[in-house]
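All remarks here apply to the structure that follows.
Please treat every number below as a calculation from the coordinates, not as lab data. This structure is a prediction, so every number in the text was calculated from the model and none was measured. Virtual Cβ from ideal backbone geometry, glycine too; neighbours counted across all protein chains shown.
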Amino acid sequence: MNSKEIQDIINFIKKTDLDDVSIETENYKIRVKKNSGSISEKVIHKSESPLKIESKEQVIQKEEVELKTEVEKPSSKNLIIKSPMIGTFYQSPNPESNPFVSVGDNIKPGQTICIIEAMKLFNEIESEVSGKVVKILANDSSPVEFDQPLYEIDPS
């Protein structure tokens, strides 16, 4: 695939409401993704794969499946709960309420630990681990990035 063909794909996406297109051939995998008006491209040399174009609905379904909190082990015995999405981090359901969790609280899997607002949707984030909250690593009402550490948890 040459740069003219890639540019044609980019121009096509600009004219549609698609946000993300992946194309796979025998030799290449190309993913073109629209981010807030700009378009980025990624070409990966690949072997043996059929042509594949993902629809907007397939991309959305994949993103919904991936919206789980990720847990990473830091150098100590503590676990880090990371943000599953970009948005605004809230420790409580509204400004007058107490936070979902505080330092020293014990949490369990399935317990709501915070809310992340993304595109006017308030997503309750649930813990996937149990343990004691050692540290809250994000500020209330502040923006957070995907994979940003939110909580440090002692699993003992």
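Quick notes on this structure:
- Per-residue HN-Hα couplings for region 14-24 [Karplus 6.51, -1.76, 1.60; θ = phi - 60°; Hz; x = Gly/Pro]: 4, 8, 10, 9, 6, 9, 8, 10, 10, 10, 10
- For Leu18, no residue 5 or more places off, or on another chain, has a built amide H under 5 Å of its own.
- Proxy reagent accessibility, fewest Cβ within 10 Å first, across Lys33, Lys4, Lys77: Lys4, Lys77, Lys33
- In order along region 123-140, the phi-based Karplus estimate (6.51 cos²θ - 1.76 cosθ + 1.60, θ = phi - 60°) of 3J(HN,Hα) comes to 9, 6, 9, 9, 6, 10, 10, 10, x, 10, 6, 8, 8, 9, 9, 10, 8, 4 Hz; Gly and Pro are listed as x.
- Neighbour counting of Cβ atoms within 10 Å sorts the residues Val101, Val129, fewest neighbours leading, into Val129, Val101.
- Principal axis box of region 70-154, alpha-carbon based, largest edge first, Å: 36, 25, 21
- Which listed pairs, of Lys14/Lys82; Lys82/Lys135; Lys29/Lys82; Lys33/Lys82; Lys82/Lys132, have C-alpha distances above 21 Å, in listed order: Lys14/Lys82; Lys29/Lys82; Lys33/Lys82
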